[in-house]
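Some notes on the structure that comes next.
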Amino acid sequence: MKRKDAEGEFNQKLKKAFWRNENPRQQLWDFQQQIVVYANLFMQHRQKQQKQIIAEQRARIDAYFYN
């Protein structure tokens, strides 16, 4: 009984995995989600760079006026 349940659960997981990989709509959705994730990561990286540049510029200006 336990073995049969385990096999049934495995078959369900296998069916879901197969459907996700073979269904064009699911592939499109996955691709769109990846684009969103990568765009967010890129924007976060860009914002971090901008903040760092501004901090360096302020430090140079402060050093110029206070020395």
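The values are calculated or read from the model by the stated rules, or taken from the named source; none is laboratory data. Quick caveat, the model's predicted, so the values are computed rather than measured. With ligands, DNA and RNA removed, areas are computed over all heavy atoms of the protein, side chains included. Shrake-Rupley method; radii C 1.70, N 1.55, O 1.52, S 1.80 Å.
Kindly report, to the nearest 10 Å², the accessible surface of K51 as traced by a 1.4 Å probe over protein heavy atoms only.
150 Å²
Under 26 Å between C-alpha atoms is the cut-off here; go through the chain and count lysine pairs that meet it, provided they're at least eight residues apart or on different chains.
For the chain, the number of qualifying lysine pairs is 6.
In square angstrom, what is the accessible area per residue of the chain with a 1.4 angstrom probe?
105 Å²
Given the -39500 (n - 2.57) contribution per DSSP H run of 4+ residues, what per-residue ellipticity at 222 nm results for the chain, rounded to the nearest 500 deg cm²/dmol?
One gets -34500 deg cm²/dmol as the mean residue ellipticity at 222 nm.
Quick one: with all protein chains in place, what share of the accessible area of the chain is carbon or sulfur, to the nearest percent (1.4 Å probe)?
58 percent
Pairing the Cα long axis of helix 2-22 with the longest principal axis of the chain, what angle in degrees results, from 0 to 90 and rounded to the nearest 10?
It works out to around 60 degrees.
Residue-wise, which Karplus ³J(HN,Hα) couplings in Hz belong to the range 39-47, taking 6.51 cos²θ - 1.76 cosθ + 1.60, θ = phi - 60°, and x for glycine or proline?
5, 5, 4, 5, 5, 5, 5, 5, 5
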